[in-house]
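The structure appears right after this line, and notes come after that.
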Amino acid sequence: MLSFILRRLLIIVPMALLVVTLTWGLIRIAPGTFYSSEKKLPPAIEENIKKKYGLDKPWYQQYGLMMYNVVRLDFGDSLKYPGQTVNEIIWRHLPYSATIGLLAYVLALVFGLTFGIIAALKQNSLWDYGSMALAMLGLSVPNFVLGPILVLGFALGIYWFPPARWGTVANLVLPVITLSAIYAAYIARLTRAGMLEVMRSDYIRTARAKGLDEKTVLLKHALRGGIIPVVSFTGPALAALLAGTVVVERVFAIPGLGNIFIQSVLNRDEPLTLGIVAFLSILIMVFNLIVDISYGFLDPRIRYE
Amino acid sequence: MDENVTAIKGTSLWRDAWKRLLKNRLAVFGLVMLIIIALFVIIGPLVLFWATGITADEIPANGDLIKSFPPSRLHWMGTDEAGRDQFARVLQGGRISLMVGIISTIVSLVVGVSYGAIAGFLGGRIDNVMMRIVDMIYAIPYILIVIVLLSVFGGQNTPSWIKYLSETIGGSGNQGLSQIFLLFFALGLVSWLTMARVVRGQVLSLKNQEFVMAARATGVSTFGIIFRHLVPNTLGPVIVYATLTVPSVMLTEAFLSYLGLGVQAPFASWGSLAADGVKNIAIFPWQLLFPGLTMALTLFSLNFLGDGLRDALDPQTRKF
Amino acid sequence: MNQQNGSILSVKDLRTYFATEDGVVKAVDGITFELTKGETLGIVGESGSGKSVTNLSVMRLIPEPPGQIAGGRIVFDGIDVLGLSIEKVRDLRGRRIAMIFQDPMTSLNPFLKISTQLTEVTRLHLNHNEQQARAHAIKMLKLVGISDAEDRMDSYPHEFSGGMRQRVMIAMALSCDPELLIADEPTTALDVTIQAQILELIKDLKARMGTSVILITHDLGVVAGMTDKIIVMYAGKVFEQAPTKELFATPANPYTKGLLKSVPDPAHEEGKELYQIPGLPPDVAHLPPGCPFAERCYRAEDICRREFPPFVEINSDHHSLCHFAQEVYAESIKENEVLHV
């Protein structure tokens, strides 16, 4: 098991570097620069800028220099916010998206698992249809519609929660709910499907034949196998959530990482984009590794060497 | 065997699936709803124009006077900031949103299925390389890819076949429309990855079955085997995946429009309408609500239909 | 320990139906049989004959939609099983009636250690605490022939071979010394050599513990050495019922004869084709009028296709569902005489 983990950890670094390379390539292919918006700059000024940022060197030199720095985790200064290093920016904004992301996922798990299990247990009943209809709503209402509606209803209509910004716990409620909706929906559906699948197994029939009551059959025998799809889902979902969600950040004026990322792409702020992409891909790979390790604990048939 | 055995009446896989689909009330509801929405969206603008002379893009002469009006008898969904009739815009926006769903999904299908089938069939090294490429593209945030595609191929650089396509389907002379078609293709190009994986998996397990050997033995070319024998047998999971792609692509487009990257004025999609409407949520909430809820309704129906198709095609997942 | 008197299980006119897309499937349509204490009953039939459904019905393990026990009476040691509340049924399950299933790989929970799966039975029904349950489980494992029981208690099902898993299932089933053991095709998924071992094990345990056994199989070879009497099922009905020796020697039903003929006999002439009952088992959702076996029967006549056959009593223990039961019986006797000349 240990060597398995080590091998996976080792591979993360070259993979991340590969992703950074690809991203760098993509950014370079795209026309447009960070320093020009609509106006065309006079050539002299453009030359100066290029020299200052080393953009006049041949591309392979630029690439080499960039990679050399990246490996030392030095992403440089943001081009759009000179004076701030990329690392500073990421660390400054990460706590906001991470807090909301984590809370949202926990909420999604609580609701999703509960409703999914209930729906599977009372299949084809009102509970089942109701839960699944609710889940369907969660999937169908885009978050940039849901957010404002919640704000309209609960912040402006009835003043229960503040409509935006950061500060108290109350500020967290609406953004977290908005963010968690679609995940809760996915989790509910996955849980229901997983549980139904397991409940049809022969070993559940055996458990019943032994005289065990439904609650024990469900919680002791069925749950372990039934939640495996949710575990698979959690890895990438959680990683993406931590990195931020643009819409929720914009609607609720939260200074999270998602918005920063989008802006960096639009601004052609190469160091910042590369820094965030590297961070995100490492995060995803680590989370996938954690998920794979949990399989090992959940399903004894899986043994890693 | 014995001739006395009465033959069992056979039904094809598809007829069976269709029967099962029809029995699923939610799926039928979704299907009917979608047909209604599609009709509204296709014929609606024409009828509206014929009846009242209102169009979606023209700013009416008295725009200033009637801007941001709440729903009324004349303007069922109110007016937007420039005085345009929201109902007309929602209908028009629907055309674009639905087209996104269809065209982008077709693109992702064509690319994904071909890629996956070829990788799965050729196997070995080539398959490995092809799937690593998929993994790598998967690791890159799709926003980046979309933005790059749009800026590289946008404006003057739009490939002529996209321009041709947009003119054929949408009418000529409009550069903006070709940009929208470019968007369709860009979205399709970021959605094909999982489809390719699914198809490759299927092909890998199918290719060792006997009917492939039989085809080979009768001299069918590699290309023929892939596309005439293997691909039709992967249709089940492919349809399932396509039904997941349509709503996903529509949401992505809406998201991009919300960011200002998607559909540009004078065109509208539900996403861009909703994005415009968010700004005024406190004072003119209908500007967000109508397009937003219409989109939600469409996605709702699509999801039910998708669920129904999945249940119908894969009996193992059936409820009982 | 071997109580001869008294019926342990009495099934009368049991009907279990399933609602499917194709209509109502009468998986079991009027089954009647009785098992006395200490007896071993064999239920034989092809797939789809309703043999498994019968036994699941006895333990009320039929999933309620889409299935339903539509009628009949099941009496276990004087208790009306169909009238019990589900909680009382659970008291019976695992404790007084136990079941082992066909495929031990899928019938054991792959996620739980076998110690867990074994101890939960006695902890539930006999109120053992953890230590008592564990000691008892080890004892049971040794009883079924797993000698290094202590070491293997904390293993998972996938770490055992097929035969061993089935032994674990048997240990699990017999943990509470049930009065009735229902074995649903216990050897079908196993290698031939292991099959014999498992059957021997069941026979041995039965003798030691005095359990009544119902053995379900499609393989006549299996029931020959194990059972006291046999029921032959087809299309949800009992086609023939007789003490084992008599069934094999003088069957009174064409279907039974067909089954007997299909058992490959190594002593028989080489080069001769293996016999197979022609045709396929019927579609139980759409049964023709008349005898469900008529299409495949070597003896079928017009009346067979028109009228449902009567239940003919050959003697007090031997019944057959056939228009020509007596004739077939007579033929069998004659064939016997020829063989034993």
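Of C:12/C:88; C:12/C:261; B:23/C:26; C:237/C:261; A:122/C:142; C:88/C:206, which ones are farther than 32 Å apart at the Cα?
Over 32 Å Cα-Cα: A:122/C:142.
Which Rg and Dmax, in Å, describe the Cα atoms of the range B:36-151?
For the range B:36-151, the Cα-based Rg and Dmax read 22.3, 68 Å.
Positive end of the charge dipole of chain A (Lys, Arg +1 and Asp, Glu -1 on Cβ, about the Cα centre): tell me which of A:151, A:89, A:218 has its Cα farthest that way.
A:218
Fewest first, what order do A:248, A:110, B:278 take by the number of other Cβ atoms within 10 Å?
Going from least to most buried by this count: A:110, B:278, A:248.
Using a cut-off of 20 Å between alpha-carbon atoms, which aspartates and glutamates can reach residue B:207, once sequence neighbours fewer than 8 places away in the same chain are excluded?
The reachable aspartates and glutamates, counting only those whose Cα sits under 20 Å from residue B:207, are B:127.
For the range A:148-305, divide the Cα radius of gyration by the Kirkwood radius and give the resulting Rg/Rh value with two decimals.
Using only Cα positions, Rg/Rh for the range A:148-305 is 1.11.
Could you work out the per residue convex hull volume over the alpha carbons of the range B:169-293, in cubic angstrom?
135
How large is the convex hull of the Cα atoms of the range C:174-300 per residue, expressed in Å³ as a whole number?
Enclosed volume per residue, from the Cα hull, is 152 Å³.
Roughly how many whole Å is it from the C-alpha centroid of the range B:192-234 to that of the range C:286-341?
52
Relative contact order of chain C: what whole-number percent is it, with Cα pairs under 8 angstrom and at least 6 residues apart?
For chain C, the relative contact order is 19 percent.
Which aspartates and glutamates, if any, have their Cα less than 15 Å from the Cα of residue C:229, not counting same-chain residues under 8 positions apart?
Here the aspartates and glutamates satisfying the reach criterion relative to residue C:229 are C:34, C:39, C:219, C:240, C:246, C:317.
Using only Cα atoms, figure out Rg for the protein assembly as shown and give it as a multiple of 2.2 N^0.38 Å.
After normalising by residue count via 2.2 N^0.38 Å, the value is 1.17.
If contacts are Cα pairs under 8 angstrom and at least 6 residues apart, what is the relative contact order of chain A in percent?
Relative contact order comes out at 29 percent.
Compute the acute angle (0 to 90°) between the alpha-carbon long axis of helix B:105-122 and the principal axis of greatest extent of the alpha-carbon atoms of chain B; round to the nearest 10°.
Tilt of helix B:105-122: around 20 degrees.
Rounded, prolate or oblate: which fits the range C:228-341, taking a ≥ b ≥ c as square roots of the Cα gyration tensor eigenvalues, rounded meaning a/c under 1.5, else prolate when a/b beats b/c?
Cα axes put the range C:228-341 in the oblate bin.
Once you order the gyration tensor axes a ≥ b ≥ c over the Cα atoms, which shape class does the range B:114-202 get: rounded for a/c under 1.5, otherwise prolate or oblate by comparing a/b with b/c?
The shape class here is prolate.
How many angstrom lie between the C-alpha centres of the range A:82-104 and the range C:171-246?
The range A:82-104 and the range C:171-246 have Cα centres separated by 68 Å.
Taking Cα centroids, how far is the range A:263-305 from the range A:189-247 in Å?
23
Checking the cross-link filter: which aspartates and glutamates have an alpha carbon closer than 19 Å to that of residue A:57, excluding same-chain neighbours under 8 positions apart?
Answer for residue A:57, where 19 Å is the Cα cut-off: A:46, A:47, A:77, A:269, A:270, listed by chain and number.
GNM on chain B, C-alpha springs below 10 Å: top fluctuator among B:126, B:225, B:283?
Maximum among the listed residues: B:283.
Rounding to the nearest 20 debye, state how big the charge dipole of chain C is about its Cα centre with +1 on each Lys and Arg Cβ and -1 on each Asp and Glu Cβ.
That gives a dipole near 900 debye.
For the residues A:66, C:99, what sequence is obtained by ranking on other C-beta atoms within 10 Å, fewest first?
Ascending Cβ contact count within 10 Å gives the list A:66, C:99.
Express the Stokes-Einstein translational diffusion coefficient of the range B:239-320 in µm² s⁻¹, to the nearest whole number, given a Kirkwood radius over alpha-carbon pairs, 10 °C and a viscosity of 1.306 mPa s.
D = 113 µm²/s.
Run the helix sum for the protein assembly as shown: -39,500 (n - 2.57) per DSSP H stretch of 4+ residues, divided by residue count, reported at 222 nm to the nearest 500 deg cm²/dmol.
Per the formula, -18500 deg cm²/dmol.
Considering chain B as a Gaussian network with a 10 Å cut-off on Cα pairs, which listed residue, B:245, B:298, B:218, attains the greatest mean-square fluctuation?
Greatest mean-square fluctuation among the candidates belongs to B:218.
Which values, in whole Å and largest first, are the semi-axes of the equivalent ellipsoid of the range C:117-206 obtained as the square root of 5 times each eigenvalue of the Cα gyration tensor?
22, 15, 11
Rank the residues A:252, B:284, B:153 as a footprinting-exposure proxy: fewest other Cβ atoms within 10 Å of their Cβ go first.
So the ranking, lowest neighbour count to highest, is B:153, B:284, A:252.
Based solely on C-alpha atoms, express the radius of gyration and the Dmax of chain B in angstrom.
When restricted to Cα atoms, chain B yields Rg and Dmax of 23.3, 85 Å.
Would chain A count as rounded, prolate or oblate if I go by the C-alpha gyration tensor, calling it rounded below 1.5 in a/c and otherwise prolate when a/b exceeds b/c, oblate otherwise?
Here chain A falls in the oblate category.
Pairing the Cα long axis of helix A:126-140 with the longest principal axis of chain A, what angle in degrees results, from 0 to 90 and rounded to the nearest 10?
Helix A:126-140 and the main axis of chain A meet at about 10 degrees.
Helix A:169-199 against the longest principal axis of chain A: what's the angle in degrees, Cα atoms only, rounded to the nearest 10?
On a 0 to 90 degree scale, this one is about 50.
Give me the inter-chain shielding for B:296-308: mean count of other chain Cβ atoms within 10 Å, whole number please.
Neighbouring Cβ atoms belonging to other protein chains average 3 per residue here.
We did not get these values from a lab; they are worked out from the coordinates using the rules stated. All figures in this text were calculated on a predicted structure; none of them were measured in a lab. With ideal geometry, Cβ positions are generated from the backbone for all residues, glycine too; neighbour counts draw on all protein chains shown.
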